[in-house]
There are 2 protein chains.
Amino acid sequence: MPKASRTFENLDEDKRKRVLDASMEEFAEHGFHQASVNRIVDRLGIAKGSIFKYFGTKEGLFRYVFERGVEVFGRRLRAVREATADADFFARLRAALMAGVEFIEAHPAVYRIYLKMLFQERFPLRETILAEVRAHSARYLTPMVEDAMRGGRLRPDLDVPAAVFVLDAVLDRFLQARAVEFMDAGLGLAGTDRAGLERAADACLAVLRAGLAGMGNGPAARNESQSTTATNAADVAENGQDGAC
Amino acid sequence: MPKASRTFENLDEDKRKRVLDASMEEFAEHGFHQASVNRIVDRLGIAKGSIFKYFGTKEGLFRYVFERGVEVFGRRLRAVREATADADFFARLRAALMAGVEFIEAHPAVYRIYLKMLFQERFPLRETILAEVRAHSARYLTPMVEDAMRGGRLRPDLDVPAAVFVLDAVLDRFLQARAVEFMDAGLGLAGTDRAGLERAADACLAVLRAGLAGMGNGPAARNESQSTTATNAADVAENGQDGAC
DNA sequence: ACATATGGTGACCGGGTGGTCATCACGATG
DNA sequence: CATCGTGATGACCACCCGGTCACCATATGT
């Protein structure tokens, strides 16, 4: 068991940021086991001993670095939820989705680490983090769906857990396809610009709204989540937390 | 550059199978880099030199082992597609989904390796395999959707690429949730039995069919993919390839 | 001028890795 | 019996890893 001195907190902010950024990048690129403390210190130009003075262990370094990222992400999503509390259901979905896109653009390393953790057993904090994310997702989507059903915006006979599962699957995959070109099943999400992303998001949300077989799509297609409501919600989401991102 | 003798092909089948199974399990558990040839040969009780005589490289071993798995999977899916060629659209989806579930149950190691490869850069064959899978998925779903639209079973104004994306997302996630408990967003897919899986699949397909907001769901809800058609299609899928699986 | 404290350093350690190769065991052939 | 070919073997190699620790640089207090 190595000593866990708290020396890192006393460092000046420039150096702290440099260390965190380099470590984050290394973990994002190589996962946990394949990441190398030697490479991190080489890239930083500091001695290996320093890292172990700061964090005690490679795992300690990872915990510190990653928890930072999760903290930032949580702050952002909470802001979006609050800001769109009284908007239309699909507008809220759209806002959450675009907030996710923006977060990935701002902090690609955090998201890449998250993706690696999903399917890589033996990752420190795996159980903790993933259970947290799952709970967060359920607590985020389920009340939104239930509210919208009470408000008559969704069909009253909707199977809520199944609907939440489908929503979660599509939203998640949308972000994954943006980040990992291979997850793209035909839409060009990985390479497109913001406008293309928004068009694709609208198309997917339209499918979710009216279904594949749903007939009589007159009203469903007309008040699609576009221009007014949706853009407004996305804008509102954008200024939620500027300092942090 | 190590020699690539073809000694492995001359071995008797028992030993070949033992070697392939042990290697597959090691890669499934540890991914590629973290997998250890030492552990494989220890578990097998053979000398390390033998493995390198057979496959030349750790990467050569992986290629051989994984391509075997992909081959089996492809055979299975093609059989299902043929067997359900003239069934209802959602019944075909259901059959493909349940065939995926069965494959994962029969060959969990192959699927675990595939999941690891998705988000782990620097995996041998990553580009090749994933591009193959993506192309396969697009070629599988898109014609099914287009046929169903021509036949009037899906709304005529459906955005095909978006619909395929949504379908791909939900089907994939369904299998992932079955395999990786954390991907479960509320349905209990990871721990349930076959009947529970089928119920969940029907619920998700119902959401996909009628959408979240689709009103006038009389006909959509009534001829849901249940009992008759769906079960029939799944049965048909089951006896597609017995010898291979 | 000296003592103290604090952060920084990098050679070093034990261990595990992918990969090599001289050697062996053994059956078939002359 | 001798020769040959083929597969099996495991000690060995160079390399990299996470982690340690005795030592150094500097600034401050007295």
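Bear in mind that the values in this text are calculations on the coordinates, not laboratory data. Since the model is a prediction, treat every value here as computed from it, not as a measurement. Note that each Cβ is placed from the backbone with ideal geometry, even for glycine, and that neighbours are counted across all protein chains shown.
What is the Cα centroid distance between segment A:150-169 and segment B:65-108, reported in whole angstrom? For segment A:150-169 versus segment B:65-108, the Cα centre distance is 28 Å. Assuming a ≥ b ≥ c are the square roots of the Cα gyration tensor eigenvalues, decide whether segment B:96-136 counts as rounded (a/c under 1.5), prolate (otherwise, with a/b larger than b/c) or oblate. It is oblate, given that a/c is not under 1.5 and a/b is not larger than b/c.
For peptide A:142-154, the mean count of partner chain Cβ atoms within 10 Å of a residue's Cβ comes to 1. With its label point put 7 Å out from Cα toward Cβ, B:Asp193 sits 5.7 nm from the same residue's point in the other copies, in order from shortest. Distances between equivalent label points of B:Glu29 across the copies, with each point positioned 7 Å along Cα→Cβ, amount to 3.0 nm, shortest listed first.
Counting, for every residue in A:30-37, the Cβ atoms of other protein chains within 10 Å of its Cβ and taking the mean gives 3. Peptide B:119-125 shows a mean partner chain C-beta count of 5 within 10 Å per residue C-beta.
Label-point spacing for B:Asp42 across the identical copies (point 7 Å from Cα in the Cβ direction), in nm and ascending order: 2.8.
Neighbours of B:Tyr114, meaning other residues whose beta-carbon lies under 12 angstrom from its beta-carbon, give a summed charge of +1 when Lys and Arg score +1 and Asp and Glu score -1.
Residue separation of A:Arg43 and A:Glu127 scaled by 0.36 nm, minus their Cα-Cα distance, works out to 27.2 nm of gained length. The simple Förster model, with R0 at 60 Å and r as the Cβ-Cβ distance, assigns A:Glu29 and B:Asp147 a FRET efficiency of 0.90. The mean sequence distance of close C-alpha pairs (under 8 Å, at least 6 residues apart), as a share of the length of segment A:66-238, puts its relative contact order at 33 percent.
Considering every alpha-carbon pair of segment B:10-238, the percent of pairs per 10 Å bin, from zero through the bin containing the longest distance, is 7, 29, 31, 19, 10, 4, 1.
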